[in-house]
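Note sheet for the following structure.
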Amino acid sequence: MLEQVEEEKNYWIRMRKIILLITLIIVGGFISYWIFSLVRCEILTLKYGNEFIGLELQNTMLDPADNLKILSYSGDTAKVYYKDKNIGNILEFNKSNETWLYIRWVDTVWSKQGSADGFIWPYFR
């Protein structure tokens, strides 16, 4: 009887360890994915950011941006996050004849006035 109680106790201890391990793997995986996304965004911005400085002004509704982040980049298409003190927007550009042209306004991610409630991945502000 005492051995059975001890075996059951050991079983629950092992189950707790397994659940903890699974939880750590899931949380660690998410954090790793997030960090990888941030690093990728920073690398793209360092590599190609100068090509997009001032291009947000092709959209006549935006003020000059304080900073930008390249969210995605291929040879002829890019999504760029522009942020100033009042608003953060994602714009899409296509390259034509070695010139980047504004194509569309993808999303307003946040606004100081509180009128935007978008989400950006990787998450940063």
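The values are calculated or read from the model by the stated rules, or taken from the named source; none is laboratory data. All of these numbers come straight from a predicted model, not from anything done at the bench. Here the Cβ positions follow ideal geometry from the backbone for every residue, glycine too, while neighbour counts run over all protein chains shown.
In table form, for the structure just shown:
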| item | result |
| --- | --- |
| Meets criteria (in a helix (DSSP H, G or I), more than 30 Å from TRP105 (Cβ to Cβ) and among the hydroxyl-bearing types (Ser, Thr, Tyr)) for SER32 | yes |
| Which numbered condition ASN59 fails, given (1) within 24 Å of LEU38 (Cα to Cα); (2) touching a strand residue (DSSP E or B) at 6+ places or on another chain (Cβ under 6 Å) | (1) |
| Among (1) closer than 19 Å to ASP84 by Cα; (2) surrounded by 12 or more Cβ atoms within 10 Å (Cβ to Cβ) - the single one LEU38 does not satisfy | (1) |
| Hey, LEU91 in contact with a Pro (Cβ under 7 Å, 6 or more places away or on another chain) and modelled with pLDDT of 85 or more or not | no |
| The lone exception for PRO64 - which of (1) under 18 Å from the mean Cα position of the chain (by Cα); (2) over 26 Å from TRP34 (Cα atoms) it fails | (1) |
| Residues that are of a type in the set (S, T, N, Q) and either in contact (Cβ under 8 Å) with a residue 24 or more places away in the chain or touching a Cys at 6+ places or on another chain (Cβ under 8 Å) (or both), drawn from the stretch 1-37 | SER37 |
| Some residue of the stretch 90-107 being under 27 Å from TRP34 (Cβ atoms), of a type in the set (Gly, Ala, Ser) and either surrounded by 15 or more Cβ atoms within 10 Å (Cβ to Cβ) or over 19 Å from the mean Cα position of the chain (by Cα) (or both) | no |
